[in-house]
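The values are calculated or read from the model by the stated rules, or taken from the named source; none is laboratory data. Bear in mind the structure is a predicted one, so any value in this text is a computation, not a measurement. Cβ coordinates were reconstructed from backbone atoms using ideal geometry, including for glycine residues, and neighbour counts include every protein chain displayed. To get the accessible areas, we keep the full protein, side chains included, count just its heavy atoms, and leave off ligands, DNA and RNA. Shrake-Rupley method; radii C 1.70, N 1.55, O 1.52, S 1.80 Å.
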Amino acid sequence: MPSSDENDLFSSMDASPEHKKTARQEEVPLQNERSIMVRKHSASQSLTEKLSFAFHRLTWRTPISKMRLRGNVPLRLLAKPSDPVPPNPERGLSIKMGKFTFRDMDIHIGSADFQELVLPPSFVNYIHRYDWMRDLEAATNRGEAIALAEKINEKWLNECGQKPKGDAWKPDICAWRFLNMAAHSPLILSSRDPVYRSLTINHFARVARYLDHSAGKAELGLPRLTSWCGVVAASLLLPENNARRVMGEHGLETAIYEGVFPDGGVISRSPLHLIAVIELLTYVSRCYQIRDEIPPEFIEDALTRSVSALRGLSHADDSVAAWQGSPHISGQTANAIIEASNVRVRPQRQALDWGYQRVPAGNSVLLIDAAPPPAAKQSATGCASTLAFEFSHGEQHIFQNCGGAAMLSKNITATLARGLRTTAAHSTLCIADSNSTAILVGGKLGRGVNEVELDRREVNSGTRIESSHDGYLRSNGFTHRRILILRDDGLDLRGEDILLPNPQKKVKKSVPYHIRFHLGSNIEISPNGNDNSMILRMADGSSWLFHAGGENISIDDSLWIDENGLAHPSQQLVITGETGKGGASNSWQLRFIN
């Protein structure tokens, strides 16, 4: 387990497309409300697969690689798909000023060495994936955008476009670059300079040939799915590629089967990754549509399932909850992505593979993480968040998680990001300032939660969810069981956190624990006459009473991370207690007053 220092950050706080398809008015049937689940970690990429891909990358440094990339240079793209990803005009305005900006960082374009970018991975990807093209096009007129895009594109191609090496030539980065260059091709293919134009159009062909050989060797999950999306897009947008399409569609179907659960969630359990899947499948669908073809059924099916899974993590204001490294994503952004997909489905109430539970009641929504963290290889920002929950009423987020471990920037440092992954950064119980799943020195997840049991049922005009995990069994001899009951009108949430000793494990005499409730912004806290009852006054003027059964409540600082990587100060309620050999039990209630 990590040392308690890693939790100090939170223990002191405790710290318009050319062709539109008809909207699919489909409803995903709800699964049985009463169920018992036992779920274990997903399988990660094997050592053999890792070594195979490493060797494959090395082969591209040999003279043989030049032969792989040779072939006829297409005279043009067959079509231009529309970009489904929402742009960021502010970043586009910075490009006009000669800088790439990303979150709270920037780099001067003219002096940048694209081969040696010393930046966080997400910023590097923004540049190499050509994500900046949509921002530039959204921020300026066509003439200015063409002049700037051609200049940047020529510099990038001269520095990175000749040899397949480095971050720029990771298969998934190549796939995104192909899609973005194609969608915004008028910005980089309007020049009458034959040398420049040939250099650019040849890059499309070289990337396509590279993906032909590399897509199947990309890392399991989102990288592999992304890579095969690039192959399929290339088969549709470049001439005479029927053989590539057969191979690409087969590869993409397999990648979806491997990386997307039957309920539509992704194996990394990250909402950010799920959004990327929706954007990619929408992109590929539009490639088919612009060629007047119908996308394969497996693409449409995966897109429908994925949108339902994403909506299953939405609050009443359509914002997406912060899980597994994702920040809090606004309803505006989430709705734009879903609208672009043209899929209309109900939110999933329970996704047993994806691992999240959603309980809508009145104008309130309860969201619960009821599964182990993802396998270490599937997410570099996996969190020890099992049994954490978020609760909102209308537009007010009352209880939430800090989120944002994947949003590295100047403000979100590596140290802070590590803290954001801890159990203490989530609204759940934490024993002895340790994590329910270990976060190792290298950042990977270690031992901890292996199994989660779940029982969901309708009782007494409400929904009752009882779940438990074994994350503290090895280290402390306790199983954490959490019971949550939300009344049908959404105005009364009751909970009980129980630590059950295992008779087969050695249990310590006394172990401290904390139950944390991270609050949303603009919530005023005041005591209600004693130390185990607090009144929470919301920004809209409403009030809620939070009451702890047998322990005192303290107030500490907290924070939460938004989709732009900005940290917002907030507070948290903390219930503190100690276990005995018989374990511990603590009940609490949140009730609407007026």
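Under a plain spin-label model, where a point goes 7 Å from the Cα along Cα-to-Cβ, how far apart in nm are Asn564 and Asn522?
1.6
Subtracting the Cα-Cα distance from 0.36 nm times the residue separation, let me have the gained length for Met97 to Lys151 in nm, one decimal. Spell out each step's value before the answer.
Numbers: separation 54, 0.36 × 54 = 19.44 nm, distance 1.35 nm.
Computed gain between Met97 and Lys151 is 18.1 nm.
By the scheme Lys and Arg +1, Asp and Glu -1, what is the net charge of all other residues having a beta-carbon under 13 Å from that of Gly583?
Details: positive: Arg481, Lys505, Lys508, Lys509, Lys581; negative: Glu496, Asp497, Glu578.
Spelling it out: positives minus negatives among the neighbours equals +2.
At 0.36 nm per residue, and after removing the present C-alpha to C-alpha distance, how many nm does the segment from Tyr196 to Ile593 gain when stretched out fully?
Values: separation 397, 0.36 × 397 = 142.92 nm, distance 6.77 nm.
Gain on stretching Tyr196 to Ile593: 136.2 nm.
Distance between the C-alpha centers of the range 289-352 and the range 168-225? Whole Å please.
Between the Cα centre of the range 289-352 and that of the range 168-225, the gap is 26 Å.
Just by accessible area at a 1.4 angstrom probe, what is the order of Val195, Val124 from largest to smallest? The partial results should precede the final answer.
Working: Val195 110, Val124 5 Å².
Order by accessible area, largest first: Val195, Val124.
Rank by packing, highest mean first: peptides 346-356, 415-425, with packing defined as the count of other Cβ atoms within 10 Å averaged across residues. Don't skip to the answer; put the middle values down first.
On the way: 346-356: 21.8, 415-425: 25.9.
Answer by packing, highest mean first, reads 415-425, 346-356.
What order do Ser461, Ser314, Ser521 take when sorted by accessible area (1.4 Å probe), most exposed first? Walk me through the numbers before you get to the answer.
Numbers: Ser461 85, Ser314 10, Ser521 35 Å².
Sorted by accessible area, descending: Ser461, Ser521, Ser314.
Please calculate the 1.4 Å probe accessible area of Lys99, with all protein chains present, and give it to the nearest 10 Å².
Taking all protein chains as shown, Lys99 has close to 60 Å².
Tell me the per residue accessible area of the range 149-241 using a 1.4 Å probe; a whole number in Å² is fine.
On the way: 2890 Å² over 93 residues.
Accessible surface, normalised per residue, equals 31 Å².
So how far apart, in nm, are the two label points at Glu496 and Glu297 if each is 7 Å from Cα heading toward Cβ?
Each label point is offset 7 Å from its Cα along the Cβ direction, giving 4.8 nm.
Just the accessible area for Glu451, please: 1.4 Å probe, Å², rounded to the nearest 10?
60
Would you mind getting me the FRET efficiency between Asp167 and His547? Use the beta-carbon distance for r and R0 = 41 Å, nearest 0.05. Mind showing how you got there, number by number?
Values: r = 52 Å, r/R0 = 1.26.
Efficiency for this residue pair is about 0.20.
Can you give me the solvent accessible area of Ser554 with a 1.4 Å probe, rounded to the nearest 10 Å²?
The accessible area comes out at roughly 50 Å².
With a 1.4 Å probe and every protein chain kept in, tell me what percent of the accessible surface of the range 361-463 is carbon plus sulfur. Please report the intermediate quantities before stating the final value.
Numbers: 1390 of 2880 Å².
Accessible surface attributable to carbon and sulfur in the range 361-463 totals 48 percent.
In deg cm²/dmol and to the nearest 500, what is the mean residue ellipticity at 222 nm of the chain if only DSSP H runs of at least 4 residues count, each as -39500 (n - 2.57), divided by the residue total? Don't jump to the answer; show the numbers that get you there.
Details: 17 runs with 195 residues, N = 594.
Only helices count here, giving -10000 deg cm²/dmol.
Averaged across orientations, what area in nm² does the convex hull of the alpha carbons in the range 171-298 project?
Values: hull surface 31.5 nm².
Convex hull of Cα atoms, orientation-averaged projection: 7.9 nm².
I'm spelling it out carefully: the read-out is semi-axes √(5λ) of the Cα gyration tensor in Å, the candidates are [x] 45, 24, 23; [y] 57, 27, 20; [z] 39, 31, 21, and one was derived from this structure. Which label?
[x]
Return the long-range amide H neighbours of Val452 (sequence gap of 5 or more, or a different chain), with a cut-off of under 5 Å between placed amide H atoms.
Under 5 Å from the amide H of Val452 lie the amide H atoms of Arg39, each far enough along the sequence or on another chain.
Taking the highest mean first, how do the peptides 186-193, 291-298, 584-591, 393-400 order by number of other beta carbon atoms within 10 angstrom per residue?
Values: 186-193: 15.8, 291-298: 13.0, 584-591: 18.4, 393-400: 22.6.
In decreasing order of mean packing, 186-193, 291-298, 584-591, 393-400 become 393-400, 584-591, 186-193, 291-298.
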